[in-house]
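The structure appears below as structure tokens.
Bear in mind these aren't lab numbers, they're just calculated from the coordinates by the rules spelled out. Predicted model, so just to flag it, every value in this text is computed and none were measured.
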Amino acid sequence: MAVKLKKFYKGFSTRGYEENGGSFSVYNVQCVEEDLMNAIFTEVGQRKMIDFGTRIPLMTFEPGDQASIDVITQDLMKVFNNDPRVQVLNLDVIPSTEKNALIAVAKLNYLEFLVTKDLMIEINQ
């Protein structure tokens, strides 16, 4: 008998419509990932009256040097540490010359679901 996982979190996403069986609804780990990506790609100051967002959307034409990597790492850690649903196990930010981007790979532990998964974030330069 299969155990059905309770839907702790429910959200909405326009990405992956066909992969979700023709639905815009996302649940649990996928919902947490969408929330994290929204926080990462929201510019600081875009949401008034709260300290939310990162400098990552402003880094589009910055060089892929160590200073840029440090800013991205710092902002990603801020987002991950502010979300009580995840724990960062490892974070690597590496330049990808063929994609002209910086690739961040975060190994996250999704606490309520006892799931460890890599979240890949591509920051185009």
For the range 10-124, would you read off the P(r) tail past 23 Å as a percentage of all alpha carbon pairs? 34 percent
With 27 Å as the limit, write out which pairs from K10/K99; K10/K78; K48/K107 have Cα-Cα distances beyond it, or answer none. K10/K99; K48/K107
Treat the range 76-125 as a sphere of radius equal to its Kirkwood radius over Cα pairs and apply Stokes-Einstein at 20 °C in a medium of 1.002 mPa s; give the translational diffusion coefficient in µm²/s, rounded to a whole number. 186 µm²/s
Determine the relative contact order of the range 10-124: mean sequence separation of Cα pairs under 8 Å and six or more apart, normalised by residue count, in whole percent. 16 percent
